[in-house]
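Undergrad: Next up is a structure, given as structure tokens.
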Amino acid sequence: MSAEGPANASEYIVHHLTNLTVGEGFWTFNLDTLFISITLGSIALALFRIAAKNATAGVPGKLQNFVELMVVFVDTQVKDSFHGRSALIAPLGLTIFIWVFLMNFMDLLPVDLLPVVAGWMGVPYLRVVPTTDLNLTFAMSITVFLLMIFYSIKIKGAVGFAKELLFHPFGKWLLPVNLILKLVEELAKPISLALRLFGNLYAGELIFILIALLPWWLQFSLGLPWAIFHILIITLQAFIFMMLTIVYLSMAHEDH
Amino acid sequence: MNINATLLGQMITFGLFIWFTMKFVWPLLIDAMAERESKIADGLAAAERGHHEKELAEERAKQLLHETKDKARDIIAQSQKRADEIVDAAKDEARHEGDRLKTAARAEIDQEITQAKEELRKEVVSIALVGAEQVLLREVDAAAHEEVLSKLVEQF
């Protein structure tokens with residue numbers, strides 16, 4: 001239970017799911033989400049940068065080996081589903097996988113650990129897992145969506161892209177239907193991408209919080225299997241996000 | 001659960017992360033890996049070549065060994081033959097020499113026998129003469145009998 005000692009279970013849960021914010025209305029910033037996601041991303045990228053800078057064609061060290069493993073993993077996925085040439089897609093996939101995985105991984109930390117430490121430092125609220133914040137998942141999926149539109153226009157030209165919106169799949173006589181269908185299809189991509197990640201992680205975190213409400217001697221019986229299962233979930237979700245991004249972007253590259 | 005400006009912050013962050021990975025991480029690693037790949041491929045090719053060369057060399061060595069063995073066998077056979085010839089020649093020579101020595105010895109022996117016979121005859125003559133002298137003494141005419149006895153010696 002947290003340091004302040006919440007009055008009851010629902011207060012405890014709500015406390016765990018409240019962001020640390022500044023600002024009002026739309027101009028509110030979820031400091032915890034921003035701080036944790038940026039910290040994790042920076043650490044990962046710093047490690048990768050070190051590995052990349054010291055990368056040799058000779059015998060790789062442990063760090064380089066690990067980083068190369070990730071690079072090869074992502075590169076294989078990209079090569080399997082994308083047959084063009086793009087300097088963006090593979091690095092984008094790598095960034096997504098690493099970042100999402102690390103943010104999801106915060107889910108496996110004990111639910112009270114960071115909030116309590118933050119509480120000692122006078123921080124009232126701390127939502128530990130950035131991917132349980134819709135702002136973050138939507139930020140990523142919208143960025144991917146913008147890239148999709150950008151590449152669609154870049155590859156097919158503005159006219160080609162417009163044609164694809166207007167004349168598929170039913171030809172020019174059903175133009176409005178085409179447009180509506182296409183818009184729904186395209187918009188579903190970022191929304192599903194964001195909500196899938198958010199939903200999985202939010203549910204996972206919520207269950208961890210519920211498990212934390214059990215008596216201490218009972219917690220492990222549910223916490224352990226759920227945590228082990230969650231190792232799979234967080235990896236899988238990071239992988240799915242990366243994979244769908246690659247697929248969407250390669251679809252954007254395809255000419256009809 | 002509400003969407004707010006965090007979204008924008010995260011989008012900027014995400015964009016920066018992507019840019020960073022694209023610029024400073026991915027190309028270096030991919031290049032290093034491609035370089036290593038080609039190095040390994042070269043190494044493997046060199047190993048393959050080395051292996052092939054080794055096989056060729058082995059083949060050649062085997063052939064050389066075979067030839068050498070043949071040559072050695074020839075040389076041994078030749079020398080065997082030559083040795084046999086030498087031995088045969090030596091045997092022949094020895095036999096000839098032996099024969100020659102035998103003949104010479106026999107000739108010498110014959111000669112000595114003849115000589116001994118001659119001497120013996122002479123001695124017998126003189127003994128006979130002495131004996132006759134002793135037996136007959138004065139009344140014998142030495143000159144007359146000398147002739148008879150010489151004839152007798154001739155008969156031996």
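Undergrad: Starting from the residue with the highest accessible area, list A:HIS230, B:HIS51 in decreasing order, probe 1.4 Å.
TA: B:HIS51, A:HIS230
Undergrad: When Lys and Arg each count +1 and Asp and Glu each count -1, what net charge do the other residues less than 15 Å away from A:ILE233, Cβ to Cβ, add up to?
TA: Taking every Cβ under 15 Å from that of A:ILE233, the sum is -1.
Undergrad: In addition: Under 10 Å, Cα contacts only: if you run a Gaussian network model on chain A, which one of A:ASP133, A:ASP112, A:ASP80 comes out with the highest mean-square fluctuation?
TA: Sorting by GNM fluctuation, first place goes to A:ASP80.
Undergrad: Further question on the same structure: Taking +1 at the Cβ of each Lys and Arg and -1 at the Cβ of each Asp and Glu, which of B:ALA107, B:VAL125, B:ALA5 sits farthest along the dipole of chain B towards its positive end, judged by Cα position relative to the Cα centre?
TA: Towards the positive end, the residue furthest out is B:ALA5.
Undergrad: Let me ask something else. Give the cross-link partners of B:LYS117 among the aspartates and glutamates, using a straight C-alpha distance below 18 Å as the criterion and excluding same-chain residues fewer than 8 apart.
TA: Partners found: B:GLU108, B:GLU154.
Undergrad: Students often forget the sequence filter, so: which aspartates and glutamates lie under 18 Å Cα-Cα from B:LYS69 once same-chain residues fewer than 8 apart are removed?
TA: Cross-link targets: B:GLU58, B:GLU59.
Undergrad: With every protein chain present, what accessible area does B:LEU149 have (1.4 Å probe, heavy atoms only), rounded to the nearest 10 Å²?
TA: Its accessible surface works out to 40 Å², give or take rounding.
Undergrad: I would also like to ask the following. Out of A:VAL177, A:VAL74, A:VAL100, any idea which swings most in a Gaussian network model of chain A, alpha carbons joined below 10 Å?
TA: A:VAL177
Undergrad: Let me spell out the model: positive unit charges on the Cβ of Lys and Arg, negative unit charges on the Cβ of Asp and Glu, origin at the Cα centre of region A:115-256. What dipole size does that give, in debye rounded to 20?
TA: The dipole magnitude comes to about 220 debye.
Undergrad: Just subtract the alpha-carbon distance of B:VAL135 and B:TRP19 from 0.36 nm times their residue separation and send over the number in nm, one decimal.
TA: 25.1 nm
Undergrad: A:MET251: accessible area at probe 1.4 Å, nearest 10 Å²?
TA: In the full protein context, A:MET251 sits at about 70 Å².
Undergrad: May I pose another question? If I model a spin label at A:TRP27 and B:ASP70 as a point 7 Å from the Cα along the Cα→Cβ vector, what separation in nanometres do I get?
TA: For the pair A:TRP27/B:ASP70, the computed spacing is 10.1 nm.
Undergrad: What accessible area per residue comes out for the protein assembly as shown, rounded to a whole number of Å², with a 1.4 Å probe?
TA: Ligands and nucleic acids excluded, the result is 62 Å² per residue.
Undergrad: At a threshold of 8 angstrom on Cα-Cα distance, excluding pairs fewer than six apart, so keeping six or more, what relative contact order does chain A reach in percent?
TA: 28 percent
Undergrad: Under a Cβ-Cβ cut-off of 14 Å, what is the net charge of the residues other than B:HIS52 that fall near it, where Lys and Arg count +1 and Asp and Glu count -1?
TA: Local net charge: -2.
Undergrad: Can you give me the C-alpha center-to-center distance between region A:113-147 and region B:34-75, rounded to a whole angstrom?
TA: With region A:113-147 and region B:34-75 each reduced to a Cα centre, they are spaced 65 Å.
Undergrad: In chain B, which helices (entire DSSP H runs) extend 30 Å or more along their own long axis, judged by Cα positions, while averaging at least -1.0 on the Kyte-Doolittle scale?
TA: Going by DSSP H runs, the hits are B:26-136.
Undergrad: With respect to the cross-link table entries A:LYS79/B:LYS23; A:LYS156/B:LYS39; A:LYS163/B:LYS23, which display a Cα-Cα separation exceeding 30 Å?
TA: Beyond 30 Å: A:LYS156/B:LYS39; A:LYS163/B:LYS23.
Undergrad: Less than 26 Å apart at the alpha-carbon level, and either on another chain or at least 8 residues along: which lysines does that give for B:LYS62?
TA: B:LYS54, B:LYS71
Undergrad: Sum -39500 (n - 2.57) across every DSSP H segment of at least 4 residues in the protein assembly as shown, then divide by the residue count to get the 222 nm mean residue ellipticity, nearest 500.
TA: -28500 deg cm²/dmol, from helical runs alone.
Undergrad: Counting only other residues whose beta carbon sits under 14 Å from that of A:LEU94, what net charge do I get with K and R as +1, D and E as -1?
TA: Net charge around A:LEU94: +1.
The values are calculated or read from the model by the stated rules, or taken from the named source; none is laboratory data. Here the structure is a predicted model, which is why all the values come from computation and not from measurement. Cβ: placed from backbone, ideal geometry, glycine included. Neighbour counts: every protein chain shown. All accessible areas refer to the heavy atoms of the entire protein, side chains included, with ligands and DNA or RNA removed. Shrake-Rupley method; radii C 1.70, N 1.55, O 1.52, S 1.80 Å.
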